[in-house]
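The structure appears below as structure tokens.
We did not get these values from a lab; they are worked out from the coordinates using the rules stated. The structure displayed is predicted, hence computed values, not measured ones. Glycine also receives a Cβ, built like all others from the backbone with ideal geometry; neighbour counts cover every protein chain displayed.
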């Protein structure tokens, strides 16, 4: 027997949200289509909460939280879920740190135990902290192998003067080389408290049973002092900024970034629709597999890719707690100067800033986004992610009412968002020019013998 | 109880024109996923024309006999359809996800795209430029370079699994429109395709819809390619690709594995889970990442196909650490060959692999891919239900025998891509 369709009921309206006495926010949603359960534990701490000299500490702390607790030895942290065929992971970004497990439903109690241990009983063995320093630096260096990522880091840093969204989540290398075990542990203790967390359980479970188990594992963890929140606000940008990189490479890239509204801002959804018109509808799930947008009929794809100036274009507007960036990235076709691409890109952006979008475009992107929202809700893991993500960035109602809110966005609202956000003084332009790149890599030594 | 608890219940039908249809209803949400796999992968590239199959995949949906490229993209994008085309060694795949209400119209479009693409000269030239830029980007990516060059070294010259699927800049520059139409005419035929429909639609209705869309397509089938068994490398190779300016070097360290239908396949999956998967990269991750702090990633992966696939260890480290990382891989490979895996590791791995089956079959696209794989390798429609017992039956002796057949540090092929000639090894 099949269970009834649930996708369009996948909203916080049908998910129950409660708060325990110690301040832990709990969201439970039953879904009985598969014998699985997904548990996500979210903390309101990300790279924006880091002080100068301590950049990257949130992400490094995330790594340490897989390295053993008082009651779970390091080498059992993963096996505890894998015994049930489960998958596990974690990620850190600018606003949030989160941990997840998805496994057979009979693993629920083990998963809740694991998350309660992670919240309260991390060990932070000094040798383990030291060993993880080089792992994190290796992760940073792997990212720096990618010219687009290097350009993104530099453009973001140039776009912000005052707000801590300016530094990358992985941190700056000198900070990673100098932070101490006590820095890590202090950060962990300040932010890993129930009144700074949201626990999400979605799957083939019974709500009352879930709540009983949560109370048993988390109920006795004491609340902590309310963490200090970021006070910095980015002042209005006074004029266009530029970053020009020249490095070894084989392709040229352009990135254009505009300061953009936060998720809860009424201008966020008009801008999301504008991005869909410019580069295709991506939806709003950072974690989903459906990230490749339908974009062939979008304005920038036609102007840049169909015209053969560029081999790809993508836009990015992600829901964030505070105002972040709307970015457009372009890969130049082999041999096309970046100046030509920049001119064509800015021309299209200028046209839409002056004239807005058409009624036919609005109809199309509303439909696209509606389909994306359905596709993104294709697993207990994805649904649990969305519920926790929007709760953590302070905009649960945006997700809960996403489809009706998208339907209500007007042409005038999109035009107003385009005119305000896409202004020349609000943008930072970055270029990556490849230099001294060998056209074919050199194979240096072949068939060297010996083990 | 859900369908997944009891196992998948696909319906299989072969249409009059030879098309195999697999349909499985799943009412998780009001969407349907369509997966079409044709025996027209890059292994069918003509000799000296590497990248033709991939090139076809980039142009095939850019105009048909009755719809222009613009009309196609409008029809798909107005409905928000998620649409992607890809090429494997043996199969060309087209997958898309649409709202249930749009399925009939989308099936018609998909059938047209596969049967009647026009390969307009304008589109061919535009997509050629994109492909070449993509290849140049890959030339700058140490992970891609190490992996592709390892693949090329593991197979003898000319073997279809050793070629660059996307071609090289030179081969792509030499591909003409006639090469694309000839490839399409030779290998795109209803008897070579499997159409899988998974989602919020009853199997009978899905099969009828596929029949209406594809039933009229007639085209001769052509032969099915079964590649020669590649001879395993007889000695150790180490190659270094110099990529200046890269802070991290990438290591690809590998062997030939076995055919998918070889009895040693599942024992090797078990061994690979212990060597480079369980926890955070198995024994390799424990040594290189957890104990030595050398790398963000260190793991192994196994692939098997109609002919032998590969078993490859990957790790990314600073150039100065390349030699130490290779020595650590050697040590773990030698240890698993020498000592095998422990009874506890065998039990943990079985529990993990069996337990993960429901999770691997949660989404429509996961179910569709699983059914297509089962069809391609002839594993049977009940493979998801038989698989737990097959995994449980694997013994320590089988694991050891299979491991010794595939792994041998003296015959490892190693490619390092990084700067400073990867710190001279």
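Below 8 Å, C-alpha to C-alpha, sequence gap of six or more: please give me the relative contact order for region A:241-435 in percent.
It comes to 40 percent, rounded to a whole number.
Highest mean first, what order results for B:383-392, A:34-43 on Cβ atoms within 10 Å?
A:34-43, B:383-392
Is any residue of region B:201-230 close enough, with backbone N under 13 Å, to a label point placed 7 angstrom from the Cα of residue B:116 along the Cα-Cβ axis, and if so, which?
B:213-218
Measure nothing but the geometry: give the 0 to 90° angle between the long axis through the Cα atoms of B:396-406 and the longest principal axis through the Cα atoms of chain B, rounded to 10°.
Value to nearest ten degrees: 90.
Output needed: percent of Cα pairs per 10 Å distance bin for region B:1-84, bins running from 0 to the one holding the longest distance.
Final binned percentages: 12, 28, 35, 20, 5, 0.
How many partner chain Cβ atoms sit within 10 Å of a residue's Cβ in peptide B:347-359, on average, as a whole number?
Mean shielding count: 5.
Residue by residue through B:293-305, how many Cβ atoms from other chains fall within 10 Å of the Cβ on average?
If you average over the peptide's residues, the count of other-chain Cβ atoms is 3.
Ranked from highest to lowest mean number of other Cβ atoms within 10 Å per residue, what is the order of the peptides A:88-101, B:155-168?
A:88-101, B:155-168
Which part of region B:196-235 falls in the paramagnetic zone of residue B:425, meaning amide N under 16 Å from the point 7 Å along Cα-to-beta-carbon?
Counting only backbone N, you get B:234-235.
For a label point 7 Å from the Cα of residue A:71 along Cα→C-beta, name the residues of region A:113-129 whose backbone N is under 16 Å from it.
Label zone hits: A:113-123.
Would you list the P(r) distribution for chain A, with all Cα-Cα distances sorted into 20 Å bins from 0 and each bin expressed as a whole %?
Reading the bins upward from 0: 23, 53, 23, 1.
Extent of the protein assembly as shown along each principal axis, from alpha carbon coordinates, in Å, largest to smallest?
The Cα atoms of the protein assembly as shown stretch 72, 69, 63 Å along their principal axes.
May I ask for the Kirkwood hydrodynamic radius of region A:12-75, worked out over all distinct Cα pairs and given in angstroms to one decimal?
Every distinct Cα pair counted, the radius reaches 15.3 Å.
Of B:290, B:339, B:116, how do they rank once you tally other Cβ atoms within 10 Å and put the fewest first?
B:339, B:116, B:290
Against the empirical 2.2 N^0.38 Å scaling, what ratio does the C-alpha Rg of region B:3-214 come to?
So the Cα radius of gyration is 1.08 times the expected 2.2 N^0.38 Å.
Sort out for me the Cα centre separation of region B:109-148 from region A:122-148, rounded to whole Å.
35 Å
Return, for the Cα atoms of chain B, the radius of gyration and Dmax in Å, separated by a comma.
22.7, 63
Evaluate 2.2 N^0.38 Å with N set to the residue count of region A:262-317, then give the Cα radius of gyration divided by it.
Against the empirical 2.2 N^0.38 Å value, I get 1.19 for region A:262-317.
Kindly state, as a whole number, the per residue volume in cubic angstrom of the convex hull around the alpha carbon atoms of region B:237-423.
Taking the convex hull of the Cα positions in region B:237-423, it is 128 Å³ per residue.
When you count, for each residue, the other Cβ atoms within 10 Å and take the mean per peptide, how do B:216-229, B:246-259, B:48-61 rank with the highest first?
Sorting B:216-229, B:246-259, B:48-61 by mean packing, highest first, produces B:246-259, B:48-61, B:216-229.
Round to the nearest 0.05 the FRET efficiency obtained for residue B:12 and residue B:68 when R0 = 30 Å and r is the Cβ-Cβ distance.
0.25
Dividing the alpha-carbon radius of gyration of region A:299-342 by 2.2 N^0.38 Å (N being the number of residues), what value is obtained?
1.36
I need to check one value: relative contact order of chain A, counting alpha carbon pairs closer than 8 Å and at least 6 residues apart, in percent.
Once normalised by length, the contact order is 22 percent.
At a threshold of 8 angstrom on Cα-Cα distance, excluding pairs fewer than six apart, so keeping six or more, what relative contact order does chain B reach in percent?
Once divided by the residue count of chain B, the mean separation gives 22 percent.
What is the angle, in °, between the Cα long axis of helix B:69-78 and the longest principal axis of the Cα atoms in chain B? Nearest 10 is fine, range 0 to 90.
Result, in degrees: 80.
Treat region A:7-218 as a sphere of radius equal to its Kirkwood radius over Cα pairs and apply Stokes-Einstein at 10 °C in a medium of 1.306 mPa s; give the translational diffusion coefficient in µm²/s, rounded to a whole number.
87 µm²/s
Within a 10 angstrom radius of each residue's Cβ in B:27-39, how many Cβ atoms of other chains show up on average? Whole number is fine.
Mean inter-chain Cβ contacts per residue within 10 Å come to 4.
Work out, in µm²/s and without decimals, the Stokes-Einstein translational diffusion coefficient of region A:241-435 at 20 °C, 1.002 mPa s, Rh from Kirkwood over C-alpha pairs.
The estimated diffusion coefficient comes to 125 µm²/s.
In degrees between 0 and 90, to the nearest 10, how far off the longest principal axis of chain B does helix B:322-339 point, with axes built from Cα atoms?
Tilt of helix B:322-339: around 90 degrees.
Once you put a point 7 Å from the Cα of residue A:403 and another 7 Å from the Cα of residue B:382, both along the Cβ direction, what distance in nm separates them?
Taking the simple label geometry, residue A:403 and residue B:382 are separated by 3.9 nm.
Rounded to whole Å and sorted largest first, list the principal axis extents of the Cα atoms in region B:44-123.
44, 26, 17
Between residue B:360 and residue A:182, what FRET efficiency comes out of the Förster formula 1/(1 + (r/R0)^6) with R0 = 41 Å and r the beta carbon distance, rounded to 0.05?
With R0 = 41 Å, the Cβ-Cβ based efficiency is 0.45.
Residue A:211 to residue A:308: FRET efficiency via 1/(1 + (r/R0)^6), r the Cβ-Cβ distance, R0 51 Å, to the nearest 0.05?
After rounding, the FRET efficiency stands at 0.30.
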